[in-house]
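For reference, the structure is listed below as structure tokens.
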Ligand SMILES: [Ca+2]
């Protein structure tokens with residue numbers, strides 16, 4: 001574990017730590033997200049950026065798209081692909097200067 005005081009970290013570094021923290025909040029010690037955990041994470045942590053996942057068909061589709069190695073779990077590598085996709089989409093929607 002890196003031992004850097006939070007106040008010394010940049011906004012971007014803090015954001016990276018937040019992504020890691022959120023992943024582990026939902027994955028727990030096992031470091032993989034099951035389908036229901038992915039749904040909870042999206043619906044609680046990304047509700048302003050992604051339409052709420054309500055039906056199983058949408059969840060299955062999203063889960064299968066993210067699960068690149070087909071082990072029926074989302075590891076951190078697969079999770080950050082989602083973060084990258086959504087962040088990229090937000091970049092197109094948000095003005096450059098807020
Ligand atoms: Ca996987």
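Every read-out reported here was derived from the displayed coordinates using simple, explicitly stated rules and does not represent laboratory data. Source: prediction; values computed, not measured. Note that each Cβ is placed from the backbone with ideal geometry, even for glycine, and that neighbours are counted across all protein chains shown.
Quick notes on this structure:
- Of the peptides 2-11, 23-32, the order by per-residue mean of other Cβ atoms within 10 Å, starting with the highest, comes out as 23-32, 2-11.
- The chain: relative contact order as a whole-number percent, Cα under 8 Å and 6+ apart: 23
- In this rough spin-label picture, where each label sits 7 Å from Cα along the Cβ direction, the residue 17-residue 88 distance is 2.8 nm.
- Between the range 4-21 and the range 36-77, the alpha-carbon centres lie 24 Å apart.
- Anisotropy class assigned to the chain is oblate, per the alpha carbon gyration tensor with a/c at or over the 1.5 cut-off and a/b no larger than b/c.
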